[in-house]
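Beneath this line is the structure, given in structure tokens, with notes to follow.
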Amino acid sequence: MEKIKTLFDREGHGGVIDRPAEGMEGWFDGAEVTASEKLDGTNVRLTVRKGQLMRLEKRRNPSKVQKKQRIVDPWYIDAVEGDPADKYIWDAACNTSLEGVPDGEWSGEAIGPKIQGNPLDLSVRYVVLFSLGRATEVDAPTSYDELREWLPKQKSYMVASPRPIEGVVWVRGDGAMAKIKVKDFKGVE
């Protein structure tokens, strides 16, 4: 699993600056790209067979020691059914309709109560399968200045009551992904 790259370069540990991040130059040029609301939850992967959940995995980030060893990309580990640490993501996965979901491994975001502070104030836990294209599409700009202006004004499409979005994730036709968050712009919230 490759970490999703941020569109713009960072200035030290501060916010992003008006310069494409390494490898992001011309990222949108001539590509078919879909923008979706970035959700603040827990990244999971569901293995589905014949509309049934067969396996649930959660994202694992490298430790400080692993980062010093140049292990930078996250990976998935099994979520253990019955483990209190995995209770809420299991509930989210079990509450997710898999009707029409093809056999395969599908990445998504577990959201709802007790997951990452539930910033959307949802009443039920479930998984939004973004790798299947089930995330909420948005008409997002792509330039630094436009995003800096546009992002803080956006409200989530996931709930009826207005809640700010966390950011945007773009997916190209070749599966490559890029992201930007409101908090990436220093001084903008």
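The set of residues in the range 143-169 that are β-branched (V, I, T) and within 23 Å of P20 (Cβ to Cβ) comprises I165, V168, V169. Pairing each residue of the range 157-180 that is within 12 Å of W27 (Cβ to Cβ) and in a strand (DSSP E or B) with any residue that is open to solvent by less than 70 Å² (accessible area, probe 1.4 Å) and among the polar types (S, T, N, Q), provided the two are 6+ apart or on different chains, yields C-beta distances under 8 Å for W170/T34; W170/S36; W170/T142; V171/T34; V171/S36; A178/T6; K179/T6; I180/T6.
The residue of the range 153-189 that is modelled with the lowest pLDDT, among those that are open to solvent by less than 60 Å² (accessible area, probe 1.4 Å) and basic (K, R), is R172.
For V101, indicate whether it is in contact with a strand residue (DSSP E or B) (Cβ under 8 Å, 6 or more places away or on another chain), of a type in the set (V, I, T) and within 19 Å of R163 (Cβ to Cβ). Taking the combined requirement at face value, the residue does not satisfy it. Condition (residue is within 28 Å of K5 (Cβ to Cβ) and of a type in the set (S, T, Y)) applied to the range 108-124: is it met by at least one residue? So far as the range 108-124 goes, no, none of its residues is within 28 Å of K5 (Cβ to Cβ) and of a type in the set (S, T, Y). Go over the candidates K58, K87 one by one and state the one that is open to solvent by 80 Å² or more (accessible area, probe 1.4 Å), basic (K, R) and not in a loop (DSSP other than H, G, I, E, B). Exactly one residue qualifies, and that residue is K87.
Of the listed requirements (1) surrounded by 20 or more Cβ atoms within 10 Å (Cβ to Cβ); (2) closer than 23 Å to A31 by Cβ, G112 misses just one: (2). Every test in (1) modelled with pLDDT under 95; (2) of a type outside the set (G, A, S); (3) out of contact with any helix residue (DSSP H, G or I) (no Cβ under 7 Å at 6 or more places or on another chain); (4) under 28 Å from F8 (Cβ atoms) is passed by E109 save one, and that test is (3).
In the range 61-72, the residues that are within 20 Å of V44 (Cβ to Cβ) form Cβ pairs under 6 Å with partners that are hydrophobic (A, V, I, L, M, F, W, C) and in a loop (DSSP other than H, G, I, E, B), at six or more places apart or across chains, as follows: P62/I71.
Of the residues making up the range 34-55, those that are surrounded by 14 or more Cβ atoms within 10 Å (Cβ to Cβ), more than 14 Å from F130 (Cβ to Cβ) and not basic (K, R) are T47, V48, L53.
Within the range 1-56, the set of residues being over 22 Å from D103 (Cα atoms) and in contact with a Leu (Cβ under 6 Å, 6 or more places away or on another chain) comprises just one member, M24. Only residues that are surrounded by fewer than 14 Cβ atoms within 10 Å (Cβ to Cβ) and either of a type in the set (D, E) or part of a strand (DSSP E or B) (or both) were counted across the range 21-33, and they come to 4. Go through the residues of the range 156-166 one by one and say whether even a single one is more than 14 Å from the chain's Cα centre (by Cα), closer than 17 Å to G108 by Cβ and aromatic (F, W, Y). The answer is yes; a qualifying residue exists. Within the range 73-98, the set of residues being in contact with an Asp or Glu (Cβ under 8 Å, 6 or more places away or on another chain) and either in contact (Cβ under 8 Å) with a residue 12 or more places away in the chain or among the polar types (S, T, N, Q) (or both) comprises D73, Y76, I77, D78, A79, W90.
The values are calculated or read from the model by the stated rules, or taken from the named source; none is laboratory data. Predicted, not measured: the structure shown is a model, and the values here were computed from it. Every residue, glycine among them, receives a Cβ derived from its backbone with ideal geometry; neighbour counts consider all protein chains shown. For accessibility, only protein heavy atoms count, side chains too; no ligands or nucleic acids. Shrake-Rupley method; radii C 1.70, N 1.55, O 1.52, S 1.80 Å.
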